[in-house]
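Undergrad: Mind having a look at this structure? Questions to follow.
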Amino acid sequence: MLDAPTILDESRYSHCIAACNACAATCDFCAAACLREPDPRHMAKCIALDMDCADICRLAAATMARESPHVNYVCELCARICESCAQECMSHAADHCQDCAEACKRCASLCRDMIA
């Protein structure tokens with residue numbers, strides 16, 4: 001297979017798209033790990049926010065990849081949901097939650113940079 005340069009590498013959104021995709025994967029992992037906790041009921045809010053965050057991160061990445069005229073609105077919403085997910089995850093001691101909080105904070109910051 002040839003290593004051809006991709007248009008995405010040249011996109012002004014490339015770092016934010018990468019952060020959104022990484023955040024979505026981290027949120028998916030966190031939600032799954034929360035479900036494996038001895039009593040996942042106390043993790044219900046975390047799991048729900050992880051799922052919402054993963055979904056909006058994927059939408060934001062796709063919106064930026066298309067250079068949609070709605071990218072600012074989507075990135076603003078993504079940043080808000082990432083911040084909410086980060087806050088919830090920070091309240092749990094589990095490593096997967098702490099890792100998720102960091103990914104969410106990074107993604108929120110880069111999304112905010114996109115709309116500044």
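Undergrad: Any residue at all in segment 49-71 that's under 11 Å from Cys30 (Cβ atoms), of a type in the set (D, E, K, R), open to solvent by less than 10 Å² (accessible area, probe 1.4 Å) and at pLDDT 95 or above? Can you show your working first?
TA: Step one: list which residues in segment 49-71 are under 11 Å from Cys30 (Cβ atoms), which gives 49-51, 53-54.
Pick out the ones that are also of a type in the set (D, E, K, R) and you get 50.
Imposing the further condition that a residue be open to solvent by less than 10 Å² (accessible area, probe 1.4 Å) reduces the set to 50.
When the remaining residues are screened for being at pLDDT 95 or above, the result is 50.
For segment 49-71, residues under 11 Å from Cys30 (Cβ atoms), of a type in the set (D, E, K, R), open to solvent by less than 10 Å² (accessible area, probe 1.4 Å) and at pLDDT 95 or above: present.
Undergrad: Restricting to segment 88-108, and then to whatever is within 13 Å of the chain's Cα centre (by Cα) and free of Cβ contacts under 8 Å to residues at least 24 places away in the same chain, can you tell me which residue is surrounded by the most Cβ atoms within 10 Å (Cβ to Cβ)?
TA: Ala101
The values are calculated or read from the model by the stated rules, or taken from the named source; none is laboratory data. None of these values were measured; they are calculated from a predicted model. All Cβ positions, glycine included, derive from the backbone under ideal geometry; neighbour counts span all protein chains shown. Ligands, DNA and RNA are stripped out before the accessible areas are found, and what is left, the full protein with its side chains, is counted by its heavy atoms. Shrake-Rupley method; radii C 1.70, N 1.55, O 1.52, S 1.80 Å.
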